[in-house]
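**Q** Quick one: this structure, given as C-alpha cells, is what I'll be asking you about.
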Amino acid sequence: MLKLNERTYVSGRIGLASIITGVLLSATALGADAPPKTATGLSSLEDIVVTANKRAENVQDVAASVSVQSGEILLERRQEQLSDYAAYIPGLNVSNGGKAGLASVNLRGVASVSDAASVGTYLDEVPLGSSSRYGSPANQILDLLPYDLDRLEVLRGPQGTLYGAGSMGGLIKYVLKNPSLTTSGGEVGADLGEVDGASRSSYSLRGVANLALINNVLGVQVSAYEKVLPGYIFNAHTNKSGVNRQTQEGGRLALLWQPSADLSVKLGAVIYHNNADDGGTISTTGFTQTPTTDGSSIGTVSIPIGDLTQTHAFAQAFHEDLNVYTATINWKPGVFEFTAATGYSDQKTSTTVDDTTAGAGILPPGFLLGGGATTEVKKFSQELRLSSQQGKTFDWMVGAFYTDEKVNLVADALTLYLPDYTPIGNPFGPGPIQNSTYKEYAVFGDSTWHVSDKFDLSGGLRYADNKQALGGTAGTSPSTEENVTTWSVASRYRFTPDAMVYARVATGYRPGGLNTTFLPTVVPPRVNSDTLTSYEVGIKTEFLDHRAMVNLTAFYINWKDIQLNSTTNGNTILTNGGTATPKGLELAAAFSPVAGLTLGLNSAYTQSELSSTAPGAFFLTGYQLPGVPKMSTSVTADYTWSMLTNWTAHLGAGVRWVDKMWLTGVEQMGMAAPAIEAPSYSLLNVNASMTRGPLTLKAYGTNLANKRAIQGGMELINIFNQPQQGDFWIAQPQAIGVGFDYRF
C-alpha cells in the first residue's frame, strides 16, 4: 500500500476561517421562518428534465440509468471540474491527471485501457473530442467550468444507438443555458480562497449578461470568466515553490431566435483556454517488488520525498485552447419535429515532459532529458433528426449523422541537457509527425410503443461506416474502413405514476484503427473495434408525496475484442482479443424529511476484470481494471431556510468515500511499469450561503481533513523497465474561501 503523510487537521488561514465561521453562525442565529410547506407540511423533491433520449422528459421516466447535476448546485458546492462532478454520481470514475483537462474517465468499469475513449462527450447537441485514438481522447477531457452550465447529464451504459462511436461505456453531456427571450439582466460573481501549501490566494471572476433584444423572439447571452489556482507543489529538483499554478479562462456567446412557436434557431460559440504550469503531482522514492505467483508486476511505494513535493528536472506543463461553434435548428411542421445540429471544434493541446528518469542508467550522471508534444483535433459534425410528437401510441425518431475529423500530432525532439540546463543536442533525431483523418456516416432510428398506460416497449438501431487514414514522417499506412451496427431494446412497466421497473439491453463500440506508421514492421497493421453488450434492470420510484426517491440498477456487460497493448517483433502495438464482464449495482436516493432539508445517497459497486487476453498481450486476468474502484459512496446534506430581514440561508455538506484502485493495469513483469494500488480515501466538503434579493454571500471548504487522496499516477521506469520513482496525482489539498454573486 502507498502510505503518505495524511494530515487530518484543518490548517486554513485564520482570516478566511473567521469569515466562514461568521457566515455559518449568522445563518444559524438568524434562522426563523421555514420555506412554504406543501400540503403534507414537508418539501417535495424537484422534477428534473433531461434530453438523454434526444427528447425532453423527466429523468424518472427514462428507461435507463441517468444522473443529473444542475450547474447551480455544482457552483453552490464549489465543484469546478469533472473529477469534482464525479464525486456524487454513482459509477462515474475520473482518474485525475493532476491538472484540469488531463484525466481518464470510465463508467461502469469500462476502463480506457488504450488511447481511445470509452465514454463519449457532448456539448449540447454536438460531440467533442477525437473519435479515433490518435487524438488521445482517453486522457484528455472537457473540464468545462460550470458558470454557463444549465445541467450535466451522465448516461450510464452504452449509448451507441443515439450517440454513436466511443460511447460504449456511457455519455457525459454538458447542457448549456439558453438565452432568455423575455428578460434582460445579468450576474457578476467572484471568489477568493486559500489552498494549503500555496503562498498566494486562489480567485475566480465571472460575469454574464442577457439581452432580450426582441421580446419573445430574439435573445443574446454573453459570458466571460477566469479562474486562477495558485501552485501548492514544491519541486525539490529545481528548488521552486508553487510550480503547479493553473489558469482557466474563457467565454461564451449564444443567440436564440424564435420567430414563431414552431421554429427556433440557436447559435453558440465557446472559447476556452487552460494553462497549467505543472501538475498536482507528488513524487515518492523507494520501491519494493511484491512477490507474485502469476508473473505480474506489482509494487509498493512507501517513501514520499516530502509533503506536497515532487522532483522533476522539467515542468510537466499542459496547455489547451478550445474553440467550439454550434448551430441548432428546431422546427415543428405539423405533427413532426425536425432538428438540425451542426458543430465545429478546434482543440489544440501541448504538453512538456521530463524523460530524465527514462534515461536513468544510460545518461551520464546529472544529465537531463526533456521533450513534449502538440496535438490539434479539428472536428466537424452534422446531425439531422425527424421525430414524431410525443404522447401518441407510437413515438419514433429517424436520423442521419456525419463527422469529419483531422488530427495532427507533432512530437518535439528529445533534447539532452547538461546538469546546468545547457542543451547539448538531440540524441534521437527529430520528433515524429503524425496526421490522421476520421470520417463517419451513420443512420439511426428509435421507436417506442405505448402498449398501455402502464407498459411500453422501445427499440433502436444504428448503422455506421467509418474510414480512417494515418500518415506522417515515416510514410502513409493503408486506410481502414469499418461497418458497425449497434442496437438497443428496452421495456418499462409502471406500478404507479411514481414507480416503475425497466429492463434494457444495448450495444456499443469503440472504433479501431491503424497501428502506428513509425515502426519498421507492424503485424497486425490494424486493430479492430471492440464491442460490448450491456444488460440492465432497474427500479425508479418516488414516494412519501414525492419527498423520497430511490433508484436502483443492476447491470452485466459482455465486453469482447478489447483493444490491449501487446508486443510483436519487439514493438508495442494494440491488438484485439481481450474479454471482460463488468457487473455491479448502482444506487441513487434522496429524502426530504423536513421542509428545506434534502439528504442524498449515491453508491456503486463495480467488479471489472479481464477474463481473457490476446496472445502476446501484457495485461493479466483476474485483476480489477485500472481506475475502477470496487466501491464508492457519497452522502450529501443540504438545508435551506428563511431568516429575519428577508435573508435566505443555505448549509451544505458532502462526504465521498472511494475504495482502493489500481492506477495502471496489472501486467507481466518486465513488460511495463509495476502496477500500484492506491489506498482508499474520503473527502469532506462544506458550503454555506446567505441570499437577500439579488445578492448572495458564499463560503466554502473543500477537502477539510486535508488528505493527500491519490486519484491517479504511476511508477516511472527507465528503458530497461527498472522503477525509478513514483508520480502520484492527488486531490487538491484543503481549500477555504468566500465569494459573492450579484444579479441585476
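The values are calculated or read from the model by the stated rules, or taken from the named source; none is laboratory data. Quick caveat, the model's predicted, so the values are computed rather than measured. Cβ placement follows ideal geometry from the backbone for every residue including glycine, while neighbour counts extend to all protein chains displayed.
**Q** Restricting the search to the range 117-171, which residues are in contact with a Ser or Thr (Cβ under 6 Å, 6 or more places away or on another chain), closer than 21 Å to GLY399 by Cα and either part of a strand (DSSP E or B) or of a type in the set (A, V, I, L, M, F, W, C) (or both)?
**A** Answer for the range 117-171, where residues must be in contact with a Ser or Thr (Cβ under 6 Å, 6 or more places away or on another chain), closer than 21 Å to GLY399 by Cα and either part of a strand (DSSP E or B) or of a type in the set (A, V, I, L, M, F, W, C) (or both): GLY120, VAL126, PRO127, LEU128, ALA165, MET168.
**Q** I would also like to ask the following. Here's a check for you: in the range 372-431, which residue that is among the acidic types (Asp, Glu) and buried (at least 19 other Cβ atoms within 10 Å of the Cβ) is nearest to THR339 (Cα to Cα)?
**A** Filtering the range 372-431 down to residues among the acidic types (Asp, Glu) leaves 376, 383, 395, 404-405, 412, 420.
Next, from what is left, pick out any that are buried (at least 19 other Cβ atoms within 10 Å of the Cβ): 383, 395, 405.
Values: GLU383: 8, ASP395: 16, GLU405: 22 Å.
Selected residue: GLU383.
**Q** Would you tally the residues in the range 49-96 being closer than 22 Å to VAL126 by Cβ, among the small types (Gly, Ala, Ser) and assigned to a loop (DSSP other than H, G, I, E, B)?
**A** Result for the range 49-96: 3.
**Q** Residues that are of a type in the set (A, V, I, L, M, F, W, C), modelled with pLDDT of 90 or more and over 28 Å from the mean Cα position of the chain (by Cα): list the strands (runs of 3 or more DSSP E) wholly contained in the range 306-396 that include at least 3 such residues. Walk me through how you get there before you give the answer.
**A** Working: elements: 318-331, 336-354, 368-388.
Strands (runs of 3 or more DSSP E) meeting the threshold: 368-388.
**Q** Here is a list: THR648, THR606. Which entry is surrounded by 19 or more Cβ atoms within 10 Å (Cβ to Cβ) and hydroxyl-bearing (Ser, Thr, Tyr)?
**A** Details: THR648 fails: surrounded by 19 or more Cβ atoms within 10 Å (Cβ to Cβ).
Answer to the check: THR606.
**Q** Tally time: how many residues in the range 600-630 are within 19 Å of the chain's Cα centre (by Cα), of a type outside the set (Ser, Thr, Tyr) and within 15 Å of VAL110 (Cα to Cα)?
**A** Residues that pass the stated criteria total 7.
**Q** Of the numbered conditions (1) over 23 Å from LYS583 (Cα atoms); (2) out of contact with any Leu (no Cβ under 6 Å at 6 or more places or on another chain), ILE141 fails exactly one; give the number of that condition.
**A** Of (1) over 23 Å from LYS583 (Cα atoms); (2) out of contact with any Leu (no Cβ under 6 Å at 6 or more places or on another chain), only one is false for ILE141: (2).
**Q** Restricting attention to the range 132-162, which residues are of a type in the set (Gly, Ala, Ser) and within 16 Å of the chain's Cα centre (by Cα)? First the steps, then the outcome.
**A** Going through the range 132-162, the residues of a type in the set (Gly, Ala, Ser) turn out to be 132, 135-136, 138, 157, 160.
Listed by number, the residues that qualify are SER136, ALA138, GLY157.
**Q** Here is a follow-up. So which residues in the range 172-191 are part of a loop (DSSP other than H, G, I, E, B) and of a type outside the set (Ser, Thr, Tyr)?
**A** Taking the range 172-191 and keeping what is part of a loop (DSSP other than H, G, I, E, B), we get 177-184.
Answer for the range 172-191, where residues must be part of a loop (DSSP other than H, G, I, E, B) and of a type outside the set (Ser, Thr, Tyr): LYS177, ASN178, PRO179, LEU181.
**Q** Considering only the range 619-672, state which residues are closer than 18 Å to LEU716 by Cβ and touching a Pro at 6+ places or on another chain (Cβ under 7 Å).
**A** TRP662, LEU663, THR664, GLY665
**Q** Considering each residue of the range 180-210, count those that are closer than 22 Å to ARG245 by Cβ and of a type outside the set (Gly, Ala, Ser), and give that number.
**A** Here the count works out to 9.
**Q** So which of THR541, THR473, THR480, THR517 ends up being in contact with a strand residue (DSSP E or B) (Cβ under 7 Å, 6 or more places away or on another chain) and modelled with pLDDT of 95 or more?
**A** Numbers: THR473 fails: modelled with pLDDT of 95 or more; THR480 fails: modelled with pLDDT of 95 or more; THR517 fails: modelled with pLDDT of 95 or more.
Just one listed residue meets the conditions, THR541.
**Q** Pick out the one residue from ALA590, ALA617 that is closer than 30 Å to SER534 by Cα, of a type outside the set (Ser, Thr, Tyr) and touching a residue at least 60 places away in the same chain (Cβ under 8 Å).
**A** Values: ALA617 fails: touching a residue at least 60 places away in the same chain (Cβ under 8 Å).
One residue alone meets the criteria, ALA590.
**Q** Cβ-Cβ below 9 Å, separation at least six or inter-chain, first residue in the range 32-57 and over 24 Å from MET690 (Cα atoms) and modelled with pLDDT of 50 or more, second part of a loop (DSSP other than H, G, I, E, B) and hydroxyl-bearing (Ser, Thr, Tyr): which pairs?
**A** Final answer for the pair search is GLU57/THR51.
**Q** Quickly run through the range 50-99 and pick out the residues that are within 27 Å of GLY189 (Cα to Cα), among the aliphatic types (A, V, I, L, M) and in contact with a strand residue (DSSP E or B) (Cβ under 6 Å, 6 or more places away or on another chain). Break it down into steps so the answer makes sense when it comes.
**A** First pass over the range 50-99, keeping only residues within 27 Å of GLY189 (Cα to Cα): 68-89, 98-99.
Now drop any that are not among the aliphatic types (A, V, I, L, M), which leaves 68, 73-75, 82, 86-87, 89.
Passing the criteria: VAL68, LEU82, ALA86, ALA87, ILE89.
**Q** Would you please name the residue that is farthest from THR553 (Cα to Cα), looking only at residues in the range 594-614 that are among the polar types (S, T, N, Q) and free of Cβ contacts under 8 Å to residues at least 60 places away in the same chain? Explain how you work it out, then say what you get.
**A** Taking the range 594-614 as the starting set, the residues that turn out to be among the polar types (S, T, N, Q) are 598, 602-603, 606-608, 611-613.
If we keep only those that are free of Cβ contacts under 8 Å to residues at least 60 places away in the same chain as well, we get 611-613.
On the way: SER611: 23, SER612: 26, THR613: 29 Å.
Out of the qualifying residues, it is THR613.
**Q** Write out, first by first residue and then by second, each pair whose Cβ atoms fall under 9 Å of each other, whose residues are 6+ apart or on separate chains, and whose first residue, in the range 73-98, is on the phi > 0 side of the Ramachandran plot while the second is of a type in the set (Asp, Glu).
**A** ARG78/ASP84; ARG78/ASP191; GLY91/GLU586; GLY98/ASP278; GLY98/ASP727
**Q** Restricting to the range 662-679, name every residue that is touching a strand residue (DSSP E or B) at 6+ places or on another chain (Cβ under 6 Å) and either closer than 17 Å to SER114 by Cα or among the polar types (S, T, N, Q) (or both).
**A** Listed by number, the residues that qualify are TRP662, LEU663, THR664, GLY665, VAL666, GLU667, ALA673, ALA675.
**Q** Looking only at residues in the range 721-742 that are of a type in the set (A, V, I, L, M) and part of a strand (DSSP E or B), which one is surrounded by the fewest Cβ atoms within 10 Å (Cβ to Cβ)? Please lay out each step first, then the result.
**A** Filtering the range 721-742 for residues of a type in the set (A, V, I, L, M) gives 730-731, 735-736, 738.
Now restrict to residues that are part of a strand (DSSP E or B): 730, 735-736, 738.
Details: ILE730: 24, ALA735: 23, ILE736: 23, VAL738: 19.
Ranking the qualifying residues of the range 721-742, first place goes to VAL738.
**Q** Residues being among the polar types (S, T, N, Q) and either in contact with a His (Cβ under 7 Å, 6 or more places away or on another chain) or at pLDDT below 95 (or both): count how many of those fall in the range 649-684. Before the answer, list the steps.
**A** So the first thing to find is which residues in the range 649-684 are among the polar types (S, T, N, Q), and the list is 664, 668, 680, 682.
Applying the additional criterion that residues be either in contact with a His (Cβ under 7 Å, 6 or more places away or on another chain) or at pLDDT below 95 (or both) yields 664, 668.
Result for the range 649-684: 2.
**Q** Give the range 652-676 a look and list any residue that's surrounded by 19 or more Cβ atoms within 10 Å (Cβ to Cβ) and in a strand (DSSP E or B), or say none. Let's see the steps before the verdict.
**A** Looking only at the range 652-676, we keep the residues that are surrounded by 19 or more Cβ atoms within 10 Å (Cβ to Cβ), and these are 652, 654, 656, 658, 661-667, 672-676.
Scanning the range 652-676 gives GLY652, GLY654, ARG656, VAL658, MET661, TRP662, GLU667, ALA675.
**Q** Given the residues GLY164, GLY231, which is the only one that is closer than 27 Å to LYS707 by Cα and either free of Cβ contacts under 8 Å to residues at least 60 places away in the same chain or touching a strand residue (DSSP E or B) at 6+ places or on another chain (Cβ under 8 Å) (or both)? Working first, answer last.
**A** On the way: GLY164 fails: closer than 27 Å to LYS707 by Cα.
Among GLY164, GLY231, only GLY231 is closer than 27 Å to LYS707 by Cα and either free of Cβ contacts under 8 Å to residues at least 60 places away in the same chain or touching a strand residue (DSSP E or B) at 6+ places or on another chain (Cβ under 8 Å) (or both).
**Q** Looking at LYS173, LYS177, which one is under 29 Å from ASN53 (Cβ atoms), within 29 Å of the chain's Cα centre (by Cα) and surrounded by fewer than 22 Cβ atoms within 10 Å (Cβ to Cβ)?
**A** Details: LYS173 fails: surrounded by fewer than 22 Cβ atoms within 10 Å (Cβ to Cβ).
The match here is LYS177.
**Q** Scan the range 317-340 and tell me whether some residue there is over 30 Å from ILE717 (Cα atoms), free of Cβ contacts under 8 Å to residues at least 60 places away in the same chain and in contact with a His (Cβ under 6 Å, 6 or more places away or on another chain). Spell out the reasoning first.
**A** Our first condition is that a residue be over 30 Å from ILE717 (Cα atoms); within the range 317-340, this holds for 321-340.
When the remaining residues are screened for being free of Cβ contacts under 8 Å to residues at least 60 places away in the same chain, the result is 321, 323, 325, 334-338, 340.
Restricting the remaining residues to those that are in contact with a His (Cβ under 6 Å, 6 or more places away or on another chain) gives 321.
Among the residues of the range 317-340, at least one is over 30 Å from ILE717 (Cα atoms), free of Cβ contacts under 8 Å to residues at least 60 places away in the same chain and in contact with a His (Cβ under 6 Å, 6 or more places away or on another chain), which makes the answer yes.
**Q** Let me ask another. Filter the range 642-681 for residues that are at positive phi and not hydroxyl-bearing (Ser, Thr, Tyr); which is farthest from the chain's Cα centre (by Cα)?
**A** Initial filter on the range 642-681 (at positive phi): 645-646, 670.
If we keep only those that are not hydroxyl-bearing (Ser, Thr, Tyr) as well, we get 646, 670.
Working: ASN646: 39, GLY670: 32 Å.
My answer is ASN646.
**Q** Taking only the range 697-711 into account, find how many residues are touching an Asp or Glu at 6+ places or on another chain (Cβ under 9 Å), buried (at least 21 other Cβ atoms within 10 Å of the Cβ) and in a strand (DSSP E or B).
**A** Number satisfying all stated conditions: 3.
**Q** Any residue at all in the range 713-725 that's within 23 Å of the chain's Cα centre (by Cα) and under 30 Å from ILE362 (Cα atoms)?
**A** The answer is yes, given that some residue of the range 713-725 is within 23 Å of the chain's Cα centre (by Cα) and under 30 Å from ILE362 (Cα atoms).
**Q** Counting only residues that are loosely packed, with under 12 Cβ neighbours inside 10 Å and not polar (S, T, N, Q), which one in the range 281-302 is modelled with the lowest pLDDT?
**A** Our first condition is that a residue be loosely packed, with under 12 Cβ neighbours inside 10 Å; within the range 281-302, this holds for 291, 293, 295.
If we keep only those that are not polar (S, T, N, Q) as well, we get 291, 295.
On the way: PRO291: 73, GLY295: 80.
Of everything passing the filter in the range 281-302, PRO291 is modelled with the lowest pLDDT.
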